[in-house]
1. Examine segment A:264-282 for a residue that is of a type outside the set (Lys, Arg), free of Cβ contacts under 8 Å to residues at least 60 places away in the same chain and in a helix (DSSP H, G or I), and state whether such a residue exists.
2. Go through B:LEU154, B:LEU88 for me and flag whichever is in contact (Cβ under 8 Å) with a residue 60 or more places away in the chain, surrounded by 20 or more Cβ atoms within 10 Å (Cβ to Cβ), outside any helix (DSSP H, G or I) and within 14 Å of chain A (Cβ to nearest Cβ).
3. Just give me the residues in segment B:312-334 being surrounded by fewer than 18 Cβ atoms within 10 Å (Cβ to Cβ), in a helix (DSSP H, G or I) and of a type in the set (Gly, Ala, Ser), in sequence order.
4. Would you list the helices (runs of 4 or more DSSP H) that sit entirely within segment A:158-222 and hold 3 or more residues that are touching a residue at least 24 places away in the same chain (Cβ under 8 Å) and closer than 19 Å to A:LEU254 by Cβ?
5. Out of contact with any Cys (no Cβ under 7 Å at 6 or more places or on another chain), within 9 Å of chain A (Cβ to nearest Cβ) and of a type in the set (D, E, K, R): is that true of B:ARG226 in this structure?
6. Anything in segment A:264-275 that is within 25 Å of B:ASN128 (Cβ to Cβ) and surrounded by fewer than 24 Cβ atoms within 10 Å (Cβ to Cβ)? List them, or say none.
Amino acid sequence: MTASLGKHAWVLGLLVLFLVLIGLTKLVQPSFSLAGIESLTRAALPFAFATAGMAVVVIVGGIDLSVASMMAVCAVTAAVLMERMAGVPAILIVLAVGLGMGLINGVLIVLTKVPDIVATLAMLFVWEGTALLILNTPGGATADWVEAGIRGSFLIGWFPKALVVLVVGIALVWVPLRRSKLGLSIYATGSDETAAFRSGVPVGRTKIIAYGICGLYCAMGGLSLAALTGIGEPVPGPYLLASVAAVVLGGVVLGGGKGGLLGPIIAVFILRIIRSILTFLSVDPNVTTIIEGVIMVAVVMLGAALTHRGTRK
Amino acid sequence: MSTTDTDPPLLRLGRAMRDNPLIPLVLFLFALVVLLEVLRPGIVMPIRSGRDGLISTFWVGNLIKFAIPLAMLAACQVLTMLTAGIDLSAGIVATVAAFVCATLSSIWGVAPAVLIALATGLVVGVVNGVGVGIVRVHPLIMTLGTGLIATGCLQVYQRLVINAGAEVPTFLSWLGTGRTLGMPNGLYLFVPFSVFVIWLMRYTGFGRLLFALGSNENAAKLSGVRSWQVYIALYALSGLIAALAGLLYLGIIRQPSLSLANPLLLPSVAAAVIGGTSIFGGRGSYAGAIVGALILRVLDTMLTLLQMPEGARTALFGLIILAVTALYVRITGAR
């Protein structure tokens, strides 16, 4: 009871923090308005998808260090394909590529019994190299409507389209999964692999599927990255560190079994809005990096001290 | 563990290898060197292409020279992995130390610059230790975070000293690029260093505490180990080693930059893991990590020689790390 209360309290606390930060932004930059929120959401899109993918594998008890590289592969694939063919089949192919890469990660981890962190570290190099093979220098192009798909507002005048894309993209995969037997298996495997195995959970298959979903989210992240920039960039961005930070800040315990996707995604927005507040205050971007790091470490320390449980496995 | 004669030979072989993890690693290293010689006759044994010498001391020296900074950073990973931790700030600490040393030595002289560079490593290490040992943050997150902070500090610092210019102390470039008796000078620093690390792990109370904390933290604590003191000392030592590695690497590359040693970070984790150190704590050997670093360097040379496009080289590098680790896990049955 208290544990579930604690979990919701964490997410609620994050939400309150986010609203406070929006208020703060309005204070330091009076011209900050709905347009500002729209561009904030758009910039947060790749981070949010990377974080969602990372959250799923952390919940299953693993970690995927190759998220940024997989996003790079998906972004260049999207840019190369859209130059040559229609947008919709290209998007479907990219999603399939992402799912495939994630499944490969999962199969390798389960088959070789190499620790997740080492296996995905190796795959980080593999996917990074693959991205360079597909496109050696930034290039390609994205269809105009894809770019328009995340820009501007949706139906009513103020609702950012990017938020719709984010919510639909994540919920379409996660909500049915969370409510199915598979979702339960994911949490069971993350809590205690041996106990889950002895209760008849197909542990290996669950892990592989979790990594596959991570790959799928990375494909969405790569697509949004390509849509944001209009080209494909083969060099992985700073998404690994940011996604791990947001996952921990969002209340998912490293080691697995606890947390959801809502907390981490709110955490992404908190981290992004802190960056824009610092930009509005015209803080040196390098100092911004320091402040972000300090905030990340401080929040994680606070979380560890508050919960009083060892977060280590 | 009882060995009976009824065990299948493969299992017995695996068990023997687990007890002596160095044997398969050294064999693999030699196999790679032989493969390299086959691919490019004369690179290792000049006599085959009509030049002098059975073994090229130049090639061996070069291999060792570039493996040393990697092996030193791998020491950070081995020591922290013994307690089920990891030090992902090591690469950035090495970069910071090198950059600080290069910029300050033209202003304040070499000795203070080196001391300040080592001190920065120590400071980052102590912060890591406090986070891991007292506040109990996961080491992965803690060291990623301090690495991020250190990167930001380095960029701000670079703006402040941009006009001062940088110079690499001659003593460091002597250490990094000079040779004595055919072997790189760095080796004469590295041999005492590695003996120290192995002695620390095997024969001191501190080393035994690391193994104890990694094997079973609760049992170690109940036996009266003050874990936070051990963690602070461990991460401080790791930071210091990383800074030292950065100084040596500066001597080799002789060109300070803002991302000098960062590309060495992930290979240092790979070297430790290939060397038989368990990422879950309680088992590890530094000698294995040294061989692991040599293996990675030989692989790197081989992939460069094959003149593959950069992407294929990076991808193959990753696949080989995975394959070696998987093979190792399969043979020894350890994780």
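1. Taking every residue of segment A:264-282 in turn, at least one turns out to be of a type outside the set (Lys, Arg), free of Cβ contacts under 8 Å to residues at least 60 places away in the same chain and in a helix (DSSP H, G or I).
2. After ruling out the rest, the residue left standing is B:LEU88.
3. B:ALA312, B:ALA323
4. On the way: elements: A:161-179, A:181-191, A:193-198.
Here the list reads A:181-191.
5. Values: out of contact with any Cys (no Cβ under 7 Å at 6 or more places or on another chain): yes; within 9 Å of chain A (Cβ to nearest Cβ): no; of a type in the set (D, E, K, R): yes.
The answer is no for B:ARG226.
6. Selection gives A:ILE270, A:LEU271, A:ILE274, A:ARG275.
Table: residues versus (1) touching a helix residue (DSSP H, G or I) at 6+ places or on another chain (Cβ under 6 Å); (2) within 23 Å of B:GLY207 (Cα to Cα); (3) more than 10 Å from every other protein chain (Cβ to nearest Cβ).
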{"position": "B:THR103", "(1), (2), (3)": "no, no, yes"}
{"position": "B:ILE107", "(1), (2), (3)": "no, no, yes"}
{"position": "B:THR120", "(1), (2), (3)": "yes, no, yes"}
{"position": "B:VAL135", "(1), (2), (3)": "yes, yes, no"}
{"position": "B:LEU140", "(1), (2), (3)": "no, yes, no"}
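Residues checked against (1) on the phi > 0 side of the Ramachandran plot; (2) within 13 Å of chain B (Cβ to nearest Cβ):
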position	(1), (2)
A:GLY204	no, no
A:CYS218	no, no
A:PRO238	no, yes
A:VAL248	no, yes
A:GLY256	yes, yes
A:VAL268	no, no
A:VAL300	no, yes
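The values are calculated or read from the model by the stated rules, or taken from the named source; none is laboratory data. In this text the structure is predicted, and so the values were computed from the model without any measurement. Positions of Cβ are generated from backbone atoms using ideal geometry, with glycine treated the same way; all protein chains shown enter the neighbour counts.
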